[in-house]
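A short worksheet on the structure shown next.
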Amino acid sequence: MTSQMTQSPSDAKAAETGANATRYFQKKAKATTGTDQARAAAIIGDALAALHGVIEAHEVTYAEYDVLKAWMIQVGEDGEWPLWLDVFIEHSVESVNNDSRPGSKGTIEGPFYIPGAPQLGSEGTLPMRDGEPGTPFIFRGEVTDADGNALPGATVELWHCDSEGFYSQFAPGLPEWNLRGVFTADESGAFAAHTMMPAPYQIPHDGSTGAMIAAAGWHPWRPAHFHLKVQAPGHELLTTQLYFEADEYLDSDIAGAVKPELMLTPVDRTDGEGKEVSYQFRLCPEA
Ligand code: MBD
Ligand code: FE
């Protein structure tokens with residue numbers, strides 16, 4: 001019967017969250033990469049050799065091998081591969097591909113981006129519940145090219161969790177587009193997003209991903225963050241996150257996605273309740 005009853009975000013289960021993330025990923029996944037056979041053989045061969053090296057270095061037992069097998073089966077059954085991969089692997093792919101770009105630093109997308117959020121113009125309030133809990137926050141941004149010239153019409157997609165760490169469309173009982181929206185930079189390249197401050201965030205940890213973290217004695221936390229995708233014609237898409245100075249999890253982000261360039265230092269608003277901050281996004285010219 002519980003499935004018939006109204007659910008609240010805190011009823012979120014890693015398996016349901018994971019199944020949603022898997023479904024969204026499968027919608028956008030491409031079947032081919034254009035990777036040729038020689039490169040595929042090199043990547044696959046090196047990946048397997050690296051794993052064999054770990055097994056030899058630690059003299060992994062058959063009992064441990066069987067635990068790995070059972071665990072991998074369970075990750076798949078619960079749909080947690082998007083979560084696990086984005087937490088433990090994506091940061092390496094992101095840095096190999098983007099570290100040498102000029103302009104603002106990017107970081108991982110993570111598993112909870114959904115395209116098609118409401119369009120809010122150059123200034124607006126993200127969709128939120130009546131009485132949305134948290135500290136009101138104004139995020140002002142400017143979008144420029146790598147030389148600092150304004151990029152009017154640039155789009156800025158912003159998504160983040162609520163003050164309890166839940167993302168809409170991944171935890172039950174939240175309005176569809178809660179704390180997700182798309183802004184368009186005005187003629188001076190500026191936009192302003194009115195929202196609530198996100199809280200430090202625990203990745204879903206009641207499933208297989210959590211079991212691995214617990215087995216290693218780690219914690220499941222990420223520092224509080226905004227997720228953003230910033231885009232303008234003729235420029236590379238910037239996928240990034242912004243964090244808050246002094247957050248206790250900056251040095252131990254389970255997803256390894258913090259960079260010193262991605263820090264916000266909000267100040268108290270002088271004209272109202274809450275905090276505000278501004279940030280400049282410099283986009284890299286298209287290759
Ligand atoms: C998140 O919110 C997130 O940003 C990452 C990287 C992984 C899991 C959940
Ligand atoms: Fe996130």
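The values are calculated or read from the model by the stated rules, or taken from the named source; none is laboratory data. Computed from a predicted structure; not experimentally measured. We place every Cβ from the backbone using ideal geometry, glycine too, and count neighbours over all the protein chains shown.
What to note about this one:
- Verdict on residue 151 being more than 23 Å from residue 94 (Cα to Cα), away from ligand 2 (no atom under 16 Å from the Cβ) and surrounded by 15 or more Cβ atoms within 10 Å (Cβ to Cβ): yes
- Residue match in segment 188-209 (condition: more than 18 Å from the chain's Cα centre (by Cα), within 16 Å of ligand 1 (Cβ to nearest atom), polar (S, T, N, Q) and modelled with pLDDT of 95 or more): yes
- Residue match in segment 103-114 (condition: surrounded by fewer than 17 Cβ atoms within 10 Å (Cβ to Cβ), in contact (Cβ under 8 Å) with a residue 60 or more places away in the chain, away from ligand 2 (no atom under 16 Å from the Cβ) and not aliphatic (A, V, I, L, M)): no
- Among helices (runs of 4 or more DSSP H) entirely within segment 1-98, having at least 3 residues that are loosely packed, with under 11 Cβ neighbours inside 10 Å singles out 14-28, 37-58, 62-77.
- The criterion of being at pLDDT 95 or above, more than 20 Å from the chain's Cα centre (by Cα) and among the hydrophobic types (A, V, I, L, M, F, W, C) holds for residue 150.
- For first residues located in segment 186-200 and over 30 Å from residue 164 (Cα atoms), partners that are outside any loop (DSSP other than H, G, I, E, B) and among the hydroxyl-bearing types (Ser, Thr, Tyr) and lie 6+ apart or on another chain with Cβ distances below 6 Å form the pairs 189/144.
- Any chance residue 214 is farther than 28 Å from residue 123 by Cβ, over 21 Å from the mean Cα position of the chain (by Cα) and modelled with pLDDT of 95 or more: yes
- Within segment 87-117, if we keep just the residues that are within 19 Å of residue 206 (Cβ to Cβ) and out of contact with any Asp or Glu (no Cβ under 7 Å at 6 or more places or on another chain), the residue that is farthest from ligand 1 (Cβ to nearest atom) turns out to be 88.
- Residue-level check: of (1) touching a residue at least 60 places away in the same chain (Cβ under 8 Å); (2) over 29 Å from residue 161 (Cα atoms); (3) β-branched (Val, Ile, Thr), residue 22 misses just (2).
- Any hit, segment 256-275, residues being in contact with a Gly (Cβ under 7 Å, 6 or more places away or on another chain) and either surrounded by 13 or more Cβ atoms within 10 Å (Cβ to Cβ) or among the aliphatic types (A, V, I, L, M) (or both): no
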